[in-house]
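The values are calculated or read from the model by the stated rules, or taken from the named source; none is laboratory data. Quick caveat, the model's predicted, so the values are computed rather than measured. All Cβ positions, glycine included, derive from the backbone under ideal geometry; neighbour counts span all protein chains shown. Keep in mind that these areas ignore ligands, DNA and RNA; they rest on the heavy atoms of the full protein, side chains included. Shrake-Rupley method; radii C 1.70, N 1.55, O 1.52, S 1.80 Å.
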Amino acid sequence: QVHVVESGGGLVQAGGSLKLSCGASGRTFTHYAMGWFRQAPGKEREFVAAIRPGGSTDYVDSVKGRFTISRDNAKNTVYLQMNSLKPEDTAVYYCNTVRRTLTGWVADDYWGQGTQVTVSA
């Protein structure tokens, strides 16, 4: 099974950038679609971005044009480049395997620690 460890979070000013990394283990990593999610304190977890094994991507409207998801299958790693960050982006960011359904992206039930992103005004 695929297991992930997120890293790269931190504290940045509004308008700044961060690049998150998601290191994955598992021999079948390249066969999975991967996604990024985020959760602010006291709020529900929301979908941010996904990338399919073939490289096609999907984003929530609020980050479109600012965030870029990518993957390096040789390194078993998924990235989230975050530019023009806003205070509303403050959250713990998680990655996970995902699959597409008629209603949206669905993630595995097992979540890692995530990585904290804090954007100051």
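Table for the structure above
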item	result
Extreme residue, farthest from V106 (Cα to Cα), among residues of the stretch 51-95 that are among the charged types (D, E, K, R) and buried (at least 17 other Cβ atoms within 10 Å of the Cβ)	D89
Close pairs (6 angstrom Cβ cut-off, 6 or more residues apart or separate chains): under 17 Å from R27 (Cα atoms) and touching a residue at least 24 places away in the same chain (Cβ under 8 Å) in the stretch 54-75, open to solvent by 50 Å² or more (accessible area, probe 1.4 Å) and in a helix (DSSP H, G or I) anywhere	N73/T30
Options G42, G16, G35: the member that is assigned to a loop (DSSP other than H, G, I, E, B), modelled with pLDDT of 95 or more, of a type in the set (G, A, S) and farther than 10 Å from Y93 by Cα	G16
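Results for (1) closer than 28 Å to A121 by Cβ; (2) among the aromatic types (F, W, Y); (3) without any contact (Cβ under 8 Å) to a residue 12 or more places away in the chain, shown as yes or no for each residue.
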site	(1), (2), (3)
A14	yes, no, no
A24	no, no, no
E44	yes, no, yes
K86	yes, no, no
A91	yes, no, no
